[in-house]
Amino acid sequence: MNVFVLNAGSSSFKAAYFDGAGGGTFGAQPNWYGEVRWSATAAGAKLDWTSASANGTTGVDVSDHGTGASALLRAAMETFGIAPDFIGHRIVHGMSESRCTIIDARVRNLIEKAVELAPLHNRAALAGIDAAHAAFPAAPQAADFDTAFHTTLAPEVAAYALPYDWYARRGIRRYGFHGISHRYCAGRTAELLEREPAGLRMVSAHLGNGCSLAAIVDGKSVDTTMGYTPLDGLMMGTRSGTVDPGLLLYLLRSGQYSVAELDTVLNSGSGLKGVSERSEDVRDVIAAAAAGDVKAQLALDMYVHRLASAVAAMAAAAGGLDALSFTGGVGEHSAYVRERVCARLAFLGVALDRVANDGSGDREVGAPGSNVRISVVTAREEYAIARDVALLGARDARPRFAR
C-alpha cells in the first residue's frame, strides 16, 4: 500500500511518500520527502524535496496552506511519480476521536468544528485535504489525530476544576496534543532501551516551536501539559504556555486588549520570542545570551525552569520515572537545552553523559549509573501517520472521500 502524508504547520507544509510495493510495508525513511515554508508574502517561498536518488530546491509562489499543499503534490508527481493508494493527514485537534479514521462528511465536519480550538493547524489541514482531493480525487483520505493518543487520560486528569456540566456535556476538558509524536517516541524509546512498553514509566518531551510533555505508562498517555488548546502548558517558541487566567480577564476588562489582539500576543508574540525580543528559534536565543543579552538569558532560564518543573510533575503523574526522552526539533538538536534540563532534574536521579549528548541520531544519552534512562528520538510524525493509515486501509478499504 502506497501512502502520501501531508503534515501542516503554522507557516509550512511537510509531505512524505511511502511506497509499500512489494510487501505492503515500508521503512521509517520515506521514498520521497518535501517541505515548503513561506512568510506573509508570496514571494520567496522555497520548496525542498529529496528522494533516495535525487534532491532539489525550487522557488514557489505560496502564501497559504492550500497553495503550499498543491505545490508539494505537484513536486511529488513531477519528481517521483507518486501513485498513492491512501492520503493521510495530521489533524491537530480531533476532539474526542480516538483513532485514525477515513475522512467522510462526519469527520470533515468535526475537523471544521475544531478550527476555533486550533485555528492555525486545523484550517491548514482542511486546505491540504482539498488540495489532495483535487490532485487524486479517487484516493481515499484519512485523518490521524494528535489528540487521539490522550483519550486515555483519566477523568481526574482530563477535567478542569470548572462546573461539572462543562466537562460532561460541553466537552471542555484537557485534550492534549503532539500525540502522534509522543506515541512514536514512546515506542521508539522502548526499542532503544530494549524494554517492553508494559511496565515502562516515561516522560516524552516534544520540543519544537510548539512544546509539550506526556507522562506515559505502559505505552499509554496518563497526563500531558497541553490542554483544551495547543496554547496551554510549557513556554514555547512564540506561545506563552500557561498563564494566570485572572491576568487575561484583567487585560480584557480593562480594555487594554481586544480578544483578537490578546489571541495574537499569546500565540504569536510570547514565549521565547516575546521575552527575548529577538527570535522564537532557541539557537538564536542561546547565541544572544552567550553574547550577554540579558533578555535572551532570561528567556532561556524561564524555558528551562518551566520545562524541568513540568517533567517532575509528569514523573509524579506516572508514579515514577524510568525514562526521559527528548524529541522534536529542539529536543533532538539542542544539547544545551537537554543538559540544563537534566541538571535541574538531578534530584530524580537524572544524569547526562555529555559526550553522548553531543552526538546525533536516535541514542541513549544517560550517564552510566543514571537512575533514569535518557534518550533522544528523531521525530517521525509522517512515518507514524503512514503506518496508521496503512493499518486503517487494511481494515477498511471502502471508497469514501473528503467531499
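The values are calculated or read from the model by the stated rules, or taken from the named source; none is laboratory data. Note that this is a predicted model, so its numbers are computed, not measured. As a convention, Cβ positions derive from the backbone with ideal geometry for all residues, glycine included, and neighbour counts pool all protein chains shown.
The lone criterion from (1) closer than 26 Å to Ala186 by Cα; (2) of a type in the set (Ser, Thr, Tyr); (3) assigned to a loop (DSSP other than H, G, I, E, B) left unmet by Tyr336 is number (3).
Which of the following residues is at pLDDT below 95 and within 20 Å of Arg387 (Cβ to Cβ): Glu116, Glu97?
Within the list Glu116, Glu97, the selection yields Glu97.
Take the stretch 104-162 and flag every residue that is under 27 Å from Ala318 (Cβ atoms), touching a residue at least 60 places away in the same chain (Cβ under 8 Å) and among the hydrophobic types (A, V, I, L, M, F, W, C). Within the stretch 104-162, Leu117, Ala118, Phe149, Leu153, Ala154, Val157 qualify.
A single entry from Thr58, Thr50 fulfils the requirement of being farther than 15 Å from Ile129 by Cβ, among the β-branched types (Val, Ile, Thr) and out of contact with any Phe, Trp or Tyr (no Cβ under 6 Å at 6 or more places or on another chain): Thr58. Against the definition (in a helix (DSSP H, G or I) and not β-branched (Val, Ile, Thr)), how does Ala312 come out, yes or no? So Ala312 fits the description; yes.
Ser63 - would you say it is among the polar types (S, T, N, Q), part of a loop (DSSP other than H, G, I, E, B) and closer than 21 Å to Ala135 by Cα? Spelling it out, Ser63 is indeed among the polar types (S, T, N, Q), part of a loop (DSSP other than H, G, I, E, B) and closer than 21 Å to Ala135 by Cα.
Yes or no, residue by residue, for (1) in the same structural domain as Leu307 (by TED's automatic domain parsing); (2) surrounded by 15 or more Cβ atoms within 10 Å (Cβ to Cβ); (3) in contact with a Cys (Cβ under 7 Å, 6 or more places away or on another chain); (4) under 19 Å from Leu213 (Cβ atoms):
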position: Met236; (1), (2), (3), (4): yes, yes, yes, yes
position: Arg239; (1), (2), (3), (4): yes, yes, no, yes
position: Arg253; (1), (2), (3), (4): yes, no, no, no
position: Ser258; (1), (2), (3), (4): yes, no, no, no
position: Glu261; (1), (2), (3), (4): yes, no, no, no
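Taken across the stretch 175-188, residues that are free of Cβ contacts under 8 Å to residues at least 60 places away in the same chain, surrounded by fewer than 23 Cβ atoms within 10 Å (Cβ to Cβ) and part of a loop (DSSP other than H, G, I, E, B) do not occur at all.
Any idea which of Val294, Val275, Val265, Val282 is among the aliphatic types (A, V, I, L, M) and loosely packed, with under 13 Cβ neighbours inside 10 Å? So that I can check it myself, show each step before the final result.
Numbers: Val275 fails: loosely packed, with under 13 Cβ neighbours inside 10 Å; Val265 fails: loosely packed, with under 13 Cβ neighbours inside 10 Å; Val282 fails: loosely packed, with under 13 Cβ neighbours inside 10 Å.
Step by step, each of Val294, Val275, Val265, Val282 is checked, and only Val294 is among the aliphatic types (A, V, I, L, M) and loosely packed, with under 13 Cβ neighbours inside 10 Å.
Of all residues in the stretch 106-119, none are crowded, with 21+ Cβ neighbours inside 10 Å and not aliphatic (A, V, I, L, M). Residue count for the stretch 189-226 satisfying the condition of being under 14 Å from the mean Cα position of the chain (by Cα) and assigned to a loop (DSSP other than H, G, I, E, B): 5.
Touching a residue at least 40 places away in the same chain (Cβ under 8 Å), touching a Ser or Thr at 6+ places or on another chain (Cβ under 8 Å) and within 16 Å of Ala132 (Cα to Cα): does that describe Gly34? Here the answer is yes, as Gly34 does meet what is asked. Annotation: Val222 fulfils all but one of (1) crowded, with 24+ Cβ neighbours inside 10 Å; (2) in contact with a strand residue (DSSP E or B) (Cβ under 8 Å, 6 or more places away or on another chain); the unmet one is (1).
The set of residues in the stretch 350-397 that are over 17 Å from the mean Cα position of the chain (by Cα), at pLDDT 95 or above and acidic (Asp, Glu) comprises Asp353, Asp358, Asp362, Glu364. Of all residues in the stretch 223-262, those satisfying the criterion of being without any contact (Cβ under 8 Å) to a residue 60 or more places away in the chain and among the hydrophobic types (A, V, I, L, M, F, W, C) are Met226, Leu231, Met236, Val243, Leu247, Leu248, Leu249, Leu251, Leu252, Val259, Ala260, Leu262.
Can you find a residue that is of a type outside the set (Phe, Trp, Tyr), over 21 Å from Val372 (Cβ atoms), buried (at least 20 other Cβ atoms within 10 Å of the Cβ) and in contact (Cβ under 8 Å) with a residue 24 or more places away in the chain anywhere in the stretch 306-321?
Here is the first cut: in the stretch 306-321, the ones of a type outside the set (Phe, Trp, Tyr) are 306-321.
With the extra rule that they be over 21 Å from Val372 (Cβ atoms), the set shrinks to none.
No; the residues of the stretch 306-321 include none that is of a type outside the set (Phe, Trp, Tyr), over 21 Å from Val372 (Cβ atoms), buried (at least 20 other Cβ atoms within 10 Å of the Cβ) and in contact (Cβ under 8 Å) with a residue 24 or more places away in the chain.
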